Amino acid sequence: MTSLAQNSNHDIYTVDGLIAVASGKDAQAHIIADAIRTLEGELQLDIEAGIPYQRTVWESRSRVNIWEHFVRERVLAFPFVQEIVSFTVDLGTEHVLHYTLTVRTDNDTITVEQ
């Protein structure tokens, strides 16, 4: 499996004039993180895809569990994901969403954080 590589700002970048490519575990981590960052309604050809941030965590702290449900559902839909090992979510006192998601894939264990 391959995907476009991303730097720490989630931007694609080039190496020697060529777009950097990630493979294996790194590619899978990028794919999962991108799916979690995709907002509901953001994809023009499938406006129902994406995670519903607006009607969950952006609307009320009490809806974090609903946001978590949508994330779990999306991540488990990837054919390379076998199970979610752990998933912790914290909105913090500044209302900034932080999460750590660890999944077992068909190749390895991957941790994605925001």
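The values are calculated or read from the model by the stated rules, or taken from the named source; none is laboratory data. For clarity, every value in this text was computed on a predicted model and none was experimentally measured. Methodologically, a virtual Cβ is constructed for each residue, glycine included, from the backbone with ideal geometry; neighbour enumeration extends over all protein chains shown.
The table that follows gives values for the structure above.
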item	result
Qualifying positions in region 31-41 - part of a helix (DSSP H, G or I) and buried (at least 16 other Cβ atoms within 10 Å of the Cβ)	Ile31, Ile32, Ala33, Ala35, Ile36
Region 59-78, residues that are modelled with pLDDT under 95 and not in a helix (DSSP H, G or I)	Glu59, Ser60
Qualifying positions in region 3-23 - loosely packed, with under 13 Cβ neighbours inside 10 Å and touching a residue at least 24 places away in the same chain (Cβ under 8 Å)	His10
For Val89: the one exception among (1) within 21 Å of Ala27 (Cβ to Cβ); (2) part of a strand (DSSP E or B); (3) β-branched (Val, Ile, Thr)	(1)
Considering residues of region 85-114 that are surrounded by 14 or more Cβ atoms within 10 Å (Cβ to Cβ) and under 12 Å from Ile36 (Cβ atoms) only, the residue modelled with the lowest pLDDT	Leu97
Which listed residue is in a loop (DSSP other than H, G, I, E, B) and closer than 23 Å to Arg104 by Cβ, from Gln6, Gln28, Gln44, Gln54	Gln6
